[in-house]
Amino acid sequence: MEFCWLRILIGLFVLSKEHAFVPERIVRASGEQATLPCESVSPWTRWFWLPLSSRCAEVQSGYVEITWSLTGNEVAPVRFNQRLANQTSGSLVLRNLVMSDSGTYVCRSPDGSETRTMLDVTAGCHNNVYVSFWWLNASSLRLSCRHCHSPGNFKAKSFRWMLNSKPLGNGHWFEKSNFGSIVQLLSTRRRAWGRWECHSLANHTWVSEICLEPPVQEKGAGSASAELPPYLVSFLSPSPSAAETTDAAPAEAGGVKGTEIWIWVLLFLGLALVLAALGTAVWMWKRQPAARLHFCDKSSQSERGTLPEEESG
């Protein structure tokens, strides 16, 4: 019985840990909005963003703390300004999504509890522009840009491309066609990875983006950041013993501390031992009356069996 209870407790412990380590995943298309939940809300709650692609998001440190001005009208980083709204429930609503918004959003309370949400932004219609790409072979791919709705009398296929905030221009490693709406990469090199932006010449506000990342083997070797996305590197990295300043924010947003894990392990093991001891005590208590009754019956039978021999003697 005690082993059954122990297995149940271990199963519950594993499930709770898996739920704690695996954040909720939200998939949205470009141009849509997403609600980022926060279970523990207080005036000292802090928000962090760990982008899926630091290169595409143009983030150097691998993490960003989301802050609001004193008036609450401006948000840092600037990319979220006019797009991020703080709800009374503590959740955040991120509007007009772009692919570089992808990543893990962490809501962290002063006591260390966290709510993690993994946001995955896919291709979609953003600002009347839809960008997509597909592989032609192992080393060549094609990017395509089109209007979601007709721009009127203007040429429907007039576009200008930018790569990592710089004009694409002309190069020997790609070809443009169809009034700039299509870009075919003749060979995928290091320079091709990052954020591609397609600007419509019909309206300067019509722009959309798509993020291209190299395969793992092309990111380099010898470092964890070359093998894992930035949010996983921060999530798996150990936290320092002291994290009181803003400089320690990556560690704060970087997963459950090892000491907390061991505390949960010890608590569950202690509870399992207590239940096992109680189960053993109950089992022995139920067994003792039956054992005493069996001993008494055996003693009486033994006495009845020896009397005739004594009398015959």
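How many residues does region 142-159 hold that are surrounded by fewer than 19 Cβ atoms within 10 Å (Cβ to Cβ) and under 18 Å from Arg191 (Cβ atoms)?
Here the count works out to 1.
So which pairs qualify, if the first residue must be in region 174-188 and surrounded by fewer than 14 Cβ atoms within 10 Å (Cβ to Cβ), the second must be in a loop (DSSP other than H, G, I, E, B), the Cβ gap must be under 7 Å, and the two must be at least 6 apart or on different chains?
From region 174-188, the pairs are Glu175/Leu186; Asn178/Lys157; Phe179/Lys155; Phe179/Lys157; Phe179/Ser158; Ser187/Ser139; Ser187/Trp173.
When you look at Ser102, is it surrounded by 21 or more Cβ atoms within 10 Å (Cβ to Cβ), of a type in the set (Gly, Ala, Ser) and touching a strand residue (DSSP E or B) at 6+ places or on another chain (Cβ under 7 Å), yes or no?
Taking the combined requirement at face value, the residue satisfies it.
It is to be established whether one or more residues within region 224-238 are farther than 20 Å from Arg55 by Cβ and either modelled with pLDDT of 90 or more or of a type outside the set (A, V, I, L, M) (or both).
Within region 224-238, one or more residues are farther than 20 Å from Arg55 by Cβ and either modelled with pLDDT of 90 or more or of a type outside the set (A, V, I, L, M) (or both).
In region 43-57, which residue that is of a type in the set (Ser, Thr, Tyr) and part of a loop (DSSP other than H, G, I, E, B) is surrounded by the fewest Cβ atoms within 10 Å (Cβ to Cβ)?
Per the stated criteria, the residue is Thr45.
Here is a list: Leu92, Leu70. Which entry is among the aliphatic types (A, V, I, L, M), without any contact (Cβ under 8 Å) to a residue 60 or more places away in the chain and surrounded by 15 or more Cβ atoms within 10 Å (Cβ to Cβ)?
When all the criteria are applied, what remains is Leu92.
Name the residues in region 25-42 that are basic (Lys, Arg) and surrounded by 12 or more Cβ atoms within 10 Å (Cβ to Cβ), would you?
Arg28
Considering only region 73-87, how many residues are touching a strand residue (DSSP E or B) at 6+ places or on another chain (Cβ under 9 Å), loosely packed, with under 15 Cβ neighbours inside 10 Å and either part of a loop (DSSP other than H, G, I, E, B) or basic (Lys, Arg) (or both)?
Residues in region 73-87 being touching a strand residue (DSSP E or B) at 6+ places or on another chain (Cβ under 9 Å), loosely packed, with under 15 Cβ neighbours inside 10 Å and either part of a loop (DSSP other than H, G, I, E, B) or basic (Lys, Arg) (or both): 4 in total.
The values are calculated or read from the model by the stated rules, or taken from the named source; none is laboratory data. Predicted model, so just to flag it, every value in this text is computed and none were measured. Heads up, the Cβs are rebuilt from the backbone with ideal geometry, glycines too, and the neighbour counts pull from every protein chain shown.
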